[in-house]
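Have a look at the structure below, then the notes.
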Amino acid sequence: MSSSNESITPSEYIEHHLQNLRISVGEGGFWQIDVDSLVMSIIVGVVGLGVFWLVARRVTAGVPGRLQGFVELVLEFVDNTVKDVFPGDRKFLSPLALTIFVLVFMMNLMDLIPLDFVAKATEAMGLPHWKAVPSTNLSVTFAMSFTVFILIIFFSFKSKGVGGFVHELFTAPFGSHPALWLLNLLINLIELISKPVSLGMRLFGNMYAGELIFMLLGLLGMLGGVFTAGSIILSWGWAVFHILIIVLQAFIFMVLSVVYIAMAQEHH
Amino acid sequence: MAQFIALVQSNMALSIGMIIGLGALGACVGIGIMGSKFLESAARQPELIPQLQKFMFLLVGLIDASFLIGVGIAMFFAFANPLLSAIK
């Protein structure tokens with residue numbers, strides 16, 4: 001894409017934009033790091049959560065400034081949501097929910113930057129294939145949902161004990177007759193495994209499809225004339241709709257994580 | 001060889017269309033039913049609208065999840081088809 005006298009086919013354009021900057025630090029497919037997703041998620045995390053931390057350091061009890069007012073707004077929103085779902089002790093859950101919400105929202109926000117702005121800028125810096133949105137990478141979303149999964153299991157152990165948890169795996173929801181053990185185990189395992197899988201894939205699918213539609217609209221604009229005008233209008237329309245999707249997906253990820261952890265702590 | 005590739009690609013095109021189309025069908029019907037119930041209950045008890053609205057948005061996201069997962073998988077097959085690269 002840096003030489004101007006070669007022409008790219010549409011599928012080459014899309015395939016070029018769909019690849020991450022992948023380097024290998026060892027043998028095989030497991031030891032490959034997507035540098036762009038890693039660096040972007042660290043940057044957005046530091047910026048997003050750093051703003052909250054900086055405001056929390058200089059919090060005043062009098063009339064708050066605008067930034068502190070905004071931070072308090074978000075904090076109360078998240079805390080009320082957690083309180084609705086989990087009436088117990090939420091000293092750990094509320095900060096976790098806030099972290100998840102801000103992190104996922106900031107990652108998704110990168111999707112609103114036009115695609116080729118990022119691609120041209122990073123190619124000028126010598127980095128090919130830079131994807132700016134970490135949540136379009138399946139590894140990133142699954143990393144977050146597996147962390148939530150580990151927390152679910154940790155809280156199950158903490159509130160029911162290891163023995164109690166295993167007992168519940170085999171005897172809920174149908175009963176403790178030994179003939180039903182296999183059925184109970186099957187249902188419980190499916191329920192347990194579907195939680196992180198659906199969390200990760202929901203965020204990934206939404207963001208991947210959104211970015212792909214942006215790419216396809218950009219491709220439509222290359223046809224010239226009325227198509228370019230139409231592509232600009234449609235891109236604008238899709239971006240406006242995408243603002244809703246971004247906030248919604250961050251909110252859903254947060255609420256579902258809190259709901260799963262709350263459900264892990266209740267007894268049958 | 002070219003016939004193999006043509007076979008895989010033609011089946012792929014049909015199945016991508018079906019994934020996206022049937023997924024959209026299910027998602028839209030589901031959201032339509034949920035939306036109608038929401039409007040009905042909002043008309044009965046207007047003071048509950050903010051709470052119900054919060055749950056409605058949550059359910060919209062959940063219902064859209066399978067559909068968008070399907071779109072993601074279909075798009076993946078459209079552009080980086082592993083079945084095709086296995087033949088080549």
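The values are calculated or read from the model by the stated rules, or taken from the named source; none is laboratory data. These figures come from a predicted structure and were not determined experimentally. Note that each Cβ is placed from the backbone with ideal geometry, even for glycine, and that neighbours are counted across all protein chains shown.
The residues on offer are A:MET254, A:MET215, and the sole one that is within 15 Å of the chain's Cα centre (by Cα) and either assigned to a helix (DSSP H, G or I) or more than 14 Å from every other protein chain (Cβ to nearest Cβ) (or both) is A:MET254. Restricting attention to segment A:85-129, the residues being surrounded by fewer than 14 Cβ atoms within 10 Å (Cβ to Cβ) and among the acidic types (Asp, Glu) number 1. Looking only at segment A:218-250, residues that are facing another protein chain (nearest Cβ under 10 Å) and not in a helix (DSSP H, G or I) come to 0 in all.
When segment A:184-231 is filtered for residues that are of a type in the set (S, T, N, Q) and crowded, with 16+ Cβ neighbours inside 10 Å, the ones remaining, listed by number, are A:ASN184, A:ASN188, A:SER198, A:ASN206, A:SER231. The condition of being closer than 30 Å to A:LEU96 by Cα, among the polar types (S, T, N, Q), more than 14 Å from chain B (Cβ to nearest Cβ) and under 24 Å from the mean Cα position of the chain (by Cα) holds for A:SER156.
Every residue, every condition in (1) within 12 Å of another protein chain (Cβ to nearest Cβ); (2) of a type in the set (Gly, Ala, Ser); (3) surrounded by 16 or more Cβ atoms within 10 Å (Cβ to Cβ), yes or no:
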| residue | (1), (2), (3) |
| --- | --- |
| B:PRO50 | yes, no, no |
| B:PHE55 | yes, no, no |
| B:PHE67 | yes, no, yes |
| B:GLY70 | yes, yes, yes |
| B:ILE73 | yes, no, yes |
| B:PHE79 | yes, no, no |
| B:SER85 | yes, yes, no |
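Looking at this structure, is A:THR99 in contact with a helix residue (DSSP H, G or I) (Cβ under 7 Å, 6 or more places away or on another chain), of a type in the set (S, T, N, Q), in contact (Cβ under 8 Å) with a residue 12 or more places away in the chain and within 14 Å of chain B (Cβ to nearest Cβ)? Reasoning before the result, please.
Details: in contact with a helix residue (DSSP H, G or I) (Cβ under 7 Å, 6 or more places away or on another chain): yes; of a type in the set (S, T, N, Q): yes; in contact (Cβ under 8 Å) with a residue 12 or more places away in the chain: yes; within 14 Å of chain B (Cβ to nearest Cβ): no.
Taking the combined requirement at face value, the residue does not satisfy it.
Among all residues of segment A:69-91, there is at least one that is among the hydroxyl-bearing types (Ser, Thr, Tyr) and assigned to a helix (DSSP H, G or I). Among residues of segment B:1-57 being within 23 Å of the chain's Cα centre (by Cα) and aromatic (Phe, Trp, Tyr), the one that is modelled with the highest pLDDT is B:PHE38.
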